[in-house]
1. Is there a pair in LYS57/LYS171; LYS56/LYS171; LYS46/LYS108; LYS57/LYS172; LYS56/LYS108; LYS57/LYS97 whose C-alpha atoms are over 23 Å apart, and which pairs would that be?
2. Taking only Cα atoms and a 10 Å spring cutoff, compute GNM fluctuations for the chain and point out the largest among SER145, SER88, SER132.
3. Add -39500 (n - 2.57) for each DSSP H run of 4 or more in the chain, then divide by its residues: what number comes out at 222 nm, to the nearest 500 deg cm²/dmol?
4. Length gain on complete extension for the stretch SER145 to ARG103, per 0.36 nm per residue less the alpha carbon to alpha carbon distance?
5. Quick one: dipole size for the stretch 56-163, taken about the Cα centre, charges +1 on Lys/Arg Cβ and -1 on Asp/Glu Cβ, in debye to the nearest 20.
6. Separation between the LYS46 and MET153 pseudo-spin-labels, each 7 Å from Cα along Cα→Cβ, expressed in nm?
7. Rounded to the nearest 0.05, what FRET efficiency do PHE36 and HIS130 have when you use their Cβ-Cβ distance and R0 = 45 Å?
8. For helix 135-155, what angle does its Cα long axis make with the longest principal axis of the chain, in degrees from 0 to 90 and rounded to 10?
Amino acid sequence: MKITATLLFLFFSQILFAQNDFVVLQKRGRTIERYFTGNNITVYTKDNFLISGNIKKCVLDTIFLEIPITRDIPTMFGVVQDTTGYTSYKLPISQVKLIPARRWNTAKVGNMLVQGGILVGGILLLNKVHFSNNPNANYIFQFFSAGAINVAMAFIRPFGKGKPAGYHIGKKYQLVMLKVSNP
């Protein structure tokens with residue numbers, strides 16, 4: 001009986017914040033994504049700034065974000081980036097231009113196919129080259145050629161990066177603030 005009474009007391013004495021205002025990304029009226037308090041969000045503004053942070057609250061068509069401040073911290077093994085603090089940022093929904101999405105586009109697929117062709121072709125060509133007079137030259141040649149193939153794969157992008165794939169806010173996609181909490 002004591003345990004039941006204690007649990008009931010704790011249950012009813014807790015202040016529940018189950019419903020807060022949140023932001024919904026819609027495509028022609030259908031919900032694609034929901035952003036609640038505590039979620040991370042990454043957006044491009046109309047000024048082409050990339051803003052990424054944790055949502056603290058949503059009030060009156062404004063998203064309040066908590067953005068980490070990272071700095072280079074010297075250690076005995078070198079320099080590492082570490083989060084030294086957080087700053088607040090007020091982002092009006094009307095300033096959001098694009099929400100990046102992790103999806104494949106034709107530029108990514110084309111670049112991947114070209115890079116795979118460079119890798120396979122380079123390996124096939126490397127295996128055909130032999131120096132009969134100096135066997136150590138084969139190892140040195142293959143070592144430097146493998147490095148050259150890696151550099152080529154990193155920098156050769158015939159289709160470019162293109163625009164960041166994502167949801168362009170406008171006619172098709174909309175950010176809508178849903179007000180659920182009491183005033």
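1. Values: LYS57/LYS171 26 Å; LYS56/LYS171 28 Å; LYS46/LYS108 25 Å; LYS57/LYS172 26 Å; LYS56/LYS108 34 Å; LYS57/LYS97 20 Å.
Correct reply: LYS57/LYS171; LYS56/LYS171; LYS46/LYS108; LYS57/LYS172; LYS56/LYS108.
2. Largest GNM mean-square fluctuation: SER132.
3. Numbers: 3 runs with 56 residues, N = 183.
The helix contribution divided over the chain gives -10500 deg cm²/dmol.
4. Values: separation 42, 0.36 × 42 = 15.12 nm, distance 3.28 nm.
Difference between extended and current length: 11.8 nm.
5. Working: 12 positive and 4 negative charges, 98 e Å.
Approximately 480 debye in magnitude.
6. 4.3 nm
7. Values: r = 62 Å, r/R0 = 1.38.
Given R0 = 45 Å and the Cβ-Cβ separation, E is 0.10.
8. Relative to the chain, helix 135-155 is tipped by roughly 40 degrees.
The values are calculated or read from the model by the stated rules, or taken from the named source; none is laboratory data. Nothing here was measured: the structure is a model prediction, and the numbers come from that model. Cβ: placed from backbone, ideal geometry, glycine included. Neighbour counts: every protein chain shown. All accessible areas refer to the heavy atoms of the entire protein, side chains included, with ligands and DNA or RNA removed. Shrake-Rupley method; radii C 1.70, N 1.55, O 1.52, S 1.80 Å.
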